[in-house]
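Comments concern the structure below.
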Amino acid sequence: MTVTASPVPILNDNYAWLLRESVTGATAIVDPADAQPIIEAIEKAGGRLDMILLTHHHADHIAGVDEVRARFNCPVVGAVADMHRLPKLDQAVKEGDTVRFGDVTAEVIETPGHTRGQINFFFPDGGILLSGDTLFSLGCGRLIEGTPAEMFDSLRKLKALPADTLVCCGHEYTESNARFALAVDPDNKALHEFVGKVEQLRAAGQPSVPSVLGDELKVNPFLLAPDVASFTAVRAKKDKF
Ligand code: ZN
Ligand code: FE
């Protein structure tokens, strides 16, 4: 394991993710939407920032980018498809591209659905997925710009990653997602156990994430949907829940 990820709680319920590569000490921040707490977290971790990674253009993921960049003078990586509405990019990436980070590389996975230009980053070394607003623990992003078929296909790519992948998502939505998951899948024993652990973590003031992909595959109603039609139905139900 050479890459580790820790959540930095910002805004109402967002997480930026602080990544550390242990061989070179390289440090990156994902979706720094609020500069002050992020600069503090970076200073606390040694005061070094080598890279800013962006999953999508929404303000609750990018609002602090310019201030953090100005403070640490580091490159910003984001989707070429959304260059026109992202902060200035130093590396504009698309599906299949790799991003060099210290001694390791991240793979870029395009996951349209929540937004058209959404991307996720996967670090095979460390087994870390930055899933933005595509995949949440027990949930998935709302379809603001994409179709259910696009989101289903995006989630299909994420489902194919190794089962021990750590899902580092953009929001602490797990408890509210759990209420919906339990409503649509009340007899799922693994789900009840999963929700019990989430409640313990939240009651102790801890983040419920990252979660493990192999667990999500058994409990997340959007990953359990076997085809586009059932995914569409679950998504529509959640939108009205
Ligand atoms: Zn978003
Ligand atoms: Fe968001």
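Since every read-out is calculated from the coordinates, none of them should be taken as a lab result. Every value quoted in this text rests on a predicted model; they were computed, and no experiment measured them. Every residue, glycine as well, gets a Cβ built from its backbone with ideal geometry; the counts of neighbours run over all protein chains shown.
Brief remarks follow.
- Only Lys, Arg (+1) and Asp, Glu (-1) charged, at Cβ; segment 3-240 dipole about Cα centre in debye: 280 debye
- Positive-pole candidate from 233, 221, 211, dipole of the chain, charges at beta carbon: 233
- Kirkwood-type radius of segment 1-107, with distances r between different C-alpha atoms, in Å: 13.7 Å
- Counted over the chain, the DSSP beta bridges are approximately 70% antiparallel.
- Comparing mean-square fluctuations of 23, 80, 212 from a GNM of the chain with C-alpha springs under 10 Å, the top value falls on 23.
- C-alpha center-to-center spacing [segment 136-200, segment 79-121] in angstrom: 22 Å
- Bins of 10 Å, starting at 0 and running to the largest distance - Cα pair percent for segment 59-151: 15, 45, 35, 5, 0
- Whole-Å semi-axes of the ellipsoid equivalent to segment 3-240 (Cα gyration tensor, √5λ, descending): 28, 20, 16
- Formal net charge of residues neighbouring residue 233 (Cβ-Cβ distance under 15 Å; K, R +1; D, E -1): +1
- Computed helical MRE - 222 nm, the chain, DSSP H runs ≥ 4 contributing -39500 (n - 2.57), nearest 500: -10000 deg cm²/dmol
- A compact globular protein would have a Cα radius of gyration near 2.2 N^0.38 Å; the ratio found for segment 106-173 is 1.00.
- Positive-end residue of 171, 161, 83, charge dipole of the chain with Cβ unit charges: 171
- 0 to 90° range, to nearest 10: angle between helix 35-44 axis and the chain longest Cα axis: 70 degrees
- Nearest-0.05 FRET efficiency for residue 24 and residue 149, computed from C-beta distance (R0 51 Å): 0.80
- When the listed pairs 88/240; 88/197; 44/218; 88/238; 44/88 are checked against a 32 Å cut-off, the alpha-carbon distance exceeds it for 88/240; 88/197; 44/218; 88/238.
- In degrees, nearest ten, helix 228-239 long axis to first principal axis of the chain (Cα): 80 degrees
- In segment 85-151, taking the dipole from charged Cβ atoms about the Cα centre, the farthest positive-side position among 141, 129, 109 is held by 141.
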